[in-house]
Every structure is written in C-alpha cells, then in structure tokens.
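In what follows, a structure is listed as structure tokens, so that the remarks can point back to it.
Coordinate-derived values only; no laboratory data. Note that this is a predicted model, so its numbers are computed, not measured. Positions of Cβ are generated from backbone atoms using ideal geometry, with glycine treated the same way; all protein chains shown enter the neighbour counts.
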Amino acid sequence: MSDPVQMMNKSNSVIKPSNPKTKKWIDIFDKLRKNKSAMVGAALIIFLLLVAIFGPFFSPYSPNTQDMLNKLQPPSSDHWFGTDNFGRDIFSRIIHGTWITLFVGFSSVALGATVGTLLGIISGYYGGRLDSIIMRCMDVLLAFPGILLALAIVSILGGSLVNVIIAIAISSIPIFARITRGSTLSVKKLEYIDAMKALGASDRRIIFKHIFPNITSPIIVQATLYIATAVLSASGLSFLGLGAQPPTPEWGAMLSDGRNFLYNAPHVAFFPGIAIVVAVLAFNMFGDGLRDAFDPKSKE
Amino acid sequence: MFKFIVRRIIQTIPVIIGVTIIVFSMMHLVPGDPAQIMAGESAPAQQVENIRERLGLNEPLPKQYLSYLGNALLGDLGNSMRSGRAVTDEISARFWVTIELAIYSTILAVFIGLIAGVISATKKYSPQDTIIMLIALFGLSMPNFWLGLMLIQWFSIGIDLPNWFPFINDTSWFKPSGWGSFQQIVLPVITLGTGSAAIIARMTRSSMLEVIGQDYIRTARAKGIKERIVIYRHALKNALIPVVTVVGLQFGGLLGGAVLTETVFAINGMGKLVIDSIAARDFPVVQGTILVIALLFVLVNLFVDITYRLLNKRIDLD
C-alpha cells in the first residue's frame with residue numbers, strides 16, 4: 001500500500017500550482033474548456049489557421065489560373081464550389097484567401113490594440129490635461145459610425161490591403177484606448193501601486209511591470225472580438241472595391257465579383273460569403289467564451 | 001437634469017469641432033496634389049490652377065479650415081466636382097432615403113430583437129433559448145452585403161419555394177433595387193436590420209436575466225402576481241433601460257452600415273453617394289456626406305444619453 005501522506009502531497013502538488021499567475025490562467029483555461037461554444041470557436045480558428053498555412057499546398061487549382069472554357073460552372077466533383085466568370089476554381093481561391101483574411105484581421109487588431117492600449121494607459125495613469133486631450137481625440141474618432149471612418153481613411157490613402165489594415169487599425173484605437181483607460185484607473189488606485197511609487201519605481205516600470213500585466217484580460221477579450229469586426233470591415237471595404245484589388249483572392253472582393261452573376265451563377269457570391277461567416281463566427285464564439293472565462297462573476 | 005443636458009451639449013461641441021477638422025483634413029492628407037487629383041492626371045495646368053483657386057487651396061491651412069467651418073455653419077459645403085451642384089443639394093436629395101432606411105431597419109431590429117431576447121431570457125437554457133442565441137450569433141457574424149445578395153437571389157430572382165405565399169414565387173414582387181415602394185423596401189431593411197436585431201436580442205436577454213435575478217422580482221412572484229405581468233410589467237420595464245442605449249447606438253451604426261446596403265440594392269442614399277463620389281474622386285461630396293453622417297451620429301448619441309438619463313431619473317423618482 002502506498003503512503004497516504006505521500007499521496008496527499010502528490011495530489012496537492014497537482015491541484016495547487018506554485019505560481020498564482022499560473023493558477024489564474026489554469027482556471028481560465030478550465031472555464032474555457034467547459035464552454036462548448038468557445039471550444040467550437042477555438043476549433044474553427046485552429047482549422048482556419050491550418051487552412052491558411054497548409055491549404056495553398058493542397059489546393060486543387062492555382063487561385064488565379066483562368067479557364068475560359070469552364071467559366072461560371074456550378075459546384076461539381078471537379079470544382080467543389082464551382083468556377084467564377086474567369087473559370088477560376090472558387091474552392092482554391094477561398095483556400096488562398098484564408099491567409100489574407102486572417103492576416104488582415106490579426107495585423108489590424110495588433111496594430112490598433114498596441115496604439116490604443118498605450119494611449120489608454122498613458123491617459124489613465126497620468127490623468128489631467130493629457131487624459132482629457134487623448135480621450136477627446138478618441139471621442140472624435142468614435143463619432144464616425146461603423147465602417148465610415150475606415151472608409152474615409154481608405155478614400156484618402158487609396159484602395160489596397162495595406163491601407164485597409166491601417167484604416168481598420170485606426171478605427172479600433174479608440175475602443176482599446178477606452179477599455180485600457182478604465183482598467184488602468186481601477187488598478188492605479190490599488191495600494192501596491194502607491195507602494196511601488198513610494199519605493200521610487202519609475203513611471204515606465206510601474207506601467208509596464210505592474211499595471212499592464214493586470215489589465216490584459218479585457219484587452220485580450222476585446223482583441224479577439226475585434227478580429228471578427230475587422231474581418232467584416234475588411235471584406236466590406238474590398239466588396240466596395242476599396243480593399244484588395246483584382247486578382248487577389250480576397251473573400252469580400254470575390255463576393256463583389258459574384259454579384260454580377262446572381263441570376264445565372266449564384267454560387268460565385270454564395271461560397272465566399274459562407275467563408276466570411278465561418279471566420280467571423282469563430283472569433284465571435286471564442287471571444288464570447290473568453291469574456292465569460294475572464295469574468296470573475298461567471299460560474300465555474 | 002437641466003444641468004446635465006446643458007453639460008452634455010457643451011461636451012458635444014469639441015467632438016463636433018474635431019469631426020470637422022478630420023473631415024476638412026481628408027482632402028489635404030491625400031497623397032499628391034488634391035487639385036491635380038480632382039482635375040485628373042492629364043488635365044491642363046490652367047484647369048488645375050482654377051480648381052486650386054476655386055477651393056482656396058493656396059491659402060494657409062488654418063485659414064482654409066476656418067473658412068470651411070464658417071461656410072459649413074452657413075450650410076455651404078462646396079460644390080460637387082462631377083455635377084457642379086451644391087454638395088448640400090446632392091446630400092439633401094438623398095438624406096431622407098438613408099434616414100428612412102435606418103429608421104425602418106431599427107424598428108425591425110427592435111421588434112425582432114426584443115421578442116427574441118425576452119423569449120430567450122424567460123426560457124433560459126431551453127432549446128428555444130439555444131436556438132435563438134445561435135441564430136443571433138449567426139446574425140451578428142453575417143456580412144450584411146452578403147445577406148443582401150442572398151435575399152435578392154432567393155426572393156427577387158426566385159428559387160423554387162413551396163406555394164405558401166403566392167407573391168414570393170412571383171419574381172417581380174420583391175424588387176432587387178431602388179427605394180420607395182414597399183416591394184423595394186423589404187429586402188434592404190431586412191439586410192440592414194438583421195445584425196442590429198441580433199445585438200438587441202443578446203442585450204435584452206442578458207439585461208432581462210440580470211433583472212429577473214433581483215429581489216423585487218422574487219417578491220412580485222411571491223405575492224402571486226401572474227408570471228406574464230411579472231415579466232412584462234416588472235422585469236421588462238427595467239431591463240429595457242440599458243437596451244435603449246444599444247438601440248440608439250445601433251441606429252447610428254446603421255447610418256454607417258447603410259453604405260454597403262445601399263450599394264447592394266442600388267439605393268440612391270447618402271451611403272451610395274459616398275461610394276460613387278470616392279470612385280469619381282469628388283472630394284467635396286465625400287467630405288460633405290461623411291460630415292453629415294458623423295454629425296447625425298453625434299446628435300443621436302447625445303439624444304440617447306439624455307433619454308437614458310431621463311429613464312433612470314424616472315425610476316429614481318418611482
């Protein structure tokens with residue numbers, strides 16, 4: 001028989017991680033794992049990432065190879081999603097477009113979240129006039145509804161995928177700045193920040209070592225959910241002809257091509273739309289799950 | 001209350017000034033010479049100079065901005081480069097189309113969103129709740145321009161549907177483009193309203209669940225009040241307060257979303273005007289339309305904030 005004290009120690013060592021930060025992340029992971037919707041979202045995101053990375057090696061056709069003899073073919077065993085008006089295989093184009101969609105979503109949010117978080121922390125930490133100026137600027141950016149700010153920026157910079165990333169990133173800055181400012185204000189009031197100040201820690205050290213690590217949860221949640229918004233906006237701008245330019249296999253641009261063939265080849269618009277829905281759904285589901293997992297009020 | 005309204009209006013002024021600065025800067029941030037871009041690359045130097053003169057582009061920037069602001073206050077947003085007509089005339093011809101589209105879509109979204117949210121909350125964790133929330137999640141994740149195209153494909157071009165509604169199979173019934181008649185309004189309104197309906201449904205559900213968990217609802221139930229009255233008179237009334245904010249914001253958001261819907265359905269509203277003007281490099285119209293939509297959004301937000309406060313105040317008094 002094994003020693004019961006040893007067994008207890010063993011089990012304790014499994015249950016109690018030595019580092020409280022690790023425990024926090026384990027708790028969050030446990031909550032996430034129990035959330036079916038979040039797991040479906042996570043699985044879809046992993047699937048999309050795999051398609052984006054490895055898909056192009058396995059796609060049946062090249063995304064831009066034209067075959068005028070087989071244009072506007074309905075879905076078949078040769079062309080699973082049919083062909084477009086240039087005879088290009090829609091399935092292959094959607095596979096190649098996955099990388100573009102994810103890249104635009106991730107990079108615009110990374111850019112917007114970095115700038116927004118920095119502005120929000122500075123605003124919340126220093127307060128006063130600087131806070132007022134930054135937040136009034138954010139209010140102005142928020143005064144442009146929906147896709148309108150991104151549209152205005154792209155109309156200035158010109159239509160291209162890089163400009164779409166910049167435009168969406170700028171539109172997202174105020175959202176991240178507001179969230180970060182709020183969280184910074186609540187963390188700033190805590191005693192240990194006063195203690196750090198009393199110990200003579202520099203503002204930079206307090207901000208990056210002590211405030212930032214404690215406000216990451218809302219930023220991570222917002223970033224995940226905003227990827228969904230970014231994918232929608234980017235495809236919307238490409239649909240309007242202001243994003244990816246032909247022959248780039250971007251889903252929104254493909255959808256735009258398809259609208260001229262709704263009468264005789266509706267599949268040209270149908271499948272890119274489904275691809276967008278899957279991507280947006282994935283990030284919305286995972287983001288919702290993350291929000292619940294990070295929420296201390298939510299049930300285990 | 002009066003103080004709050006005055007303070008809130010004063011807070012809006014710097015935002016409006018900021019919006020005008022951004023809109024004014026648009027033309028000057030364009031890479032290259034704006035006058036040359038508007039005249040076209042092959043335009044003669046004299047024509048470019050004329051445009052520069054007409055738009056006052058030779059003046060220092062602050063002076064240009066002040067004159068832009070002054071003119072805008074007087075209702076003069078310049079002239080369209082394409083048609084030569086006043087920008088305000090171009091916008092006013094399309095203003096009400098976009099407003100109508102946004103209002104109808106909001107009404108649809110509130111109607112569907114509230115009903116779905118209340119059913120979902122009162123039947124928490126039931127199959128109905130799961131189905132409604134799944135549909136809402138789809139509604140939220142669907143690009144409205146794609147939904148619009150699919151609606152055109154299904155209802156306007158026609159697919160073989162069972163003969164439940166004779167008019168659905170009559171492909172000429174739902175019009176795929178234009179604005180005005182009921183047949184033209186239905187599809188764009190569904191297209192634009194779906195996303196907002198989903199957001200309102202989710203918001204109503206979470207707000208209702210929070211209220212239903214409160215002590216006074218338990219008390220009302222303990223007093224033997226009928227469940228229907230508890231839900232609609234006691235719970236919904238209070239749950240609606242945060243929903244009002246979302247509805248207001250959605251209405252504003254729909255003004256932006258109208259850009260895509262109007263493009264899909266070829267509706268001559270402000271959204272389509274922006275897109276057509278961007279394509280034609282008609283900057284005065286792009287600037288003017290974006291300014292009008294942004295100002296509308298700011299005013300809607302102001303109105304929503306005041307309404308929210310009024311509703312809360314009334315509850316405080318109760």
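Here are some notes:
- The packing ranking, built from the mean of other Cβ atoms within 10 Å per residue, places the peptides A:100-106, B:20-26 in the order A:100-106, B:20-26, highest first.
- When each full DSSP H helix of chain B is screened for a Cα extent of at least 30 Å along its own axis and an average Kyte-Doolittle hydropathy of at least -1.0, the helices passing are B:2-29, B:87-122, B:182-212, B:236-264, B:283-317.
- Span-like helix ranges in chain A, DSSP H, alpha carbon extent 15 angstrom or more, Kyte mean at least -0.5: A:4-15, A:36-58, A:90-126, A:128-142, A:161-188, A:216-239, A:267-294
- Trypsin sites (Lys or Arg not before Pro), loop per DSSP, at most 14 other Cβ atoms within 10 Å - longest free stretch of chain A: A:1-188
- Farthest towards the positive end of the charge dipole of chain B, among the residues B:ALA220, B:THR191, B:ILE5, is the Cα of B:ALA220, using unit charges on the Cβ of Lys, Arg, Asp and Glu.
- Kirkwood Rh (inverse of mean 1/r, distinct Cα pairs), the stretch A:27-129, angstrom: 17.1
- Close amide H contacts of B:ASN79 (hydrogens built in the peptide plane, cut-off under 5 Å, sequence separation of 5 or more or a different chain): B:VAL87.
- The charge dipole of the protein assembly as shown, taken about its Cα centre with unit charges on the Cβ atoms of Lys, Arg (+1), Asp and Glu (-1) only, comes to about 2520 debye.
- Put simply, the C-alpha atoms of the stretch B:215-318 give a gyration tensor, and the ellipsoid matching it has half-axes of 44, 16, 6 Å, longest first.
- Gyration tensor over alpha-carbon atoms, chain A, equivalent ellipsoid semi-axes in Å: 43, 29, 13
- Ellipsoid semi-axes in whole angstrom, largest first, where each is sqrt(5λ) of the Cα gyration tensor of the stretch B:1-152: 45, 23, 15
- Inverting the pair-averaged 1/r between distinct Cα atoms of chain B gives 22.6 Å as its Kirkwood hydrodynamic radius.
- Note on chain A: helix-only mean residue ellipticity at 222 nm, from DSSP H runs of 4+ residues weighted -39500 (n - 2.57) and normalised by residue number, equals -23500 deg cm²/dmol.
- Pairwise Cα distances in the stretch B:1-56 exceed 12 Å for 73 percent of all pairs.
- Taking the fewest neighbouring Cβ atoms within 10 Å as the starting point, the ordered list for B:SER277, B:SER206, A:SER233 is B:SER206, B:SER277, A:SER233.
- Dipole magnitude of the stretch A:92-300, debye to nearest 20 (Cβ charges: Lys/Arg +1, Asp/Glu -1, about Cα centre): 460
- Value of [θ]222 nm, deg cm²/dmol, for chain B, DSSP H segments ≥ 4, -39500 (n - 2.57) each, nearest 500: -25000 deg cm²/dmol
- Comparing A:LEU141, A:LEU237, A:LEU119 along the charge dipole axis of the stretch A:92-300, the residue lying farthest to the positive side is A:LEU119, per the Cβ-charge model.
- With the Kirkwood sum run over all distinct C-alpha pairs, the protein assembly as shown has a hydrodynamic radius of 26.9 Å.
- Dipole axis of the stretch A:92-300 (+1 Lys, Arg; -1 Asp, Glu on Cβ), positive-most option in A:PRO218, A:ILE94, A:THR248: A:PRO218
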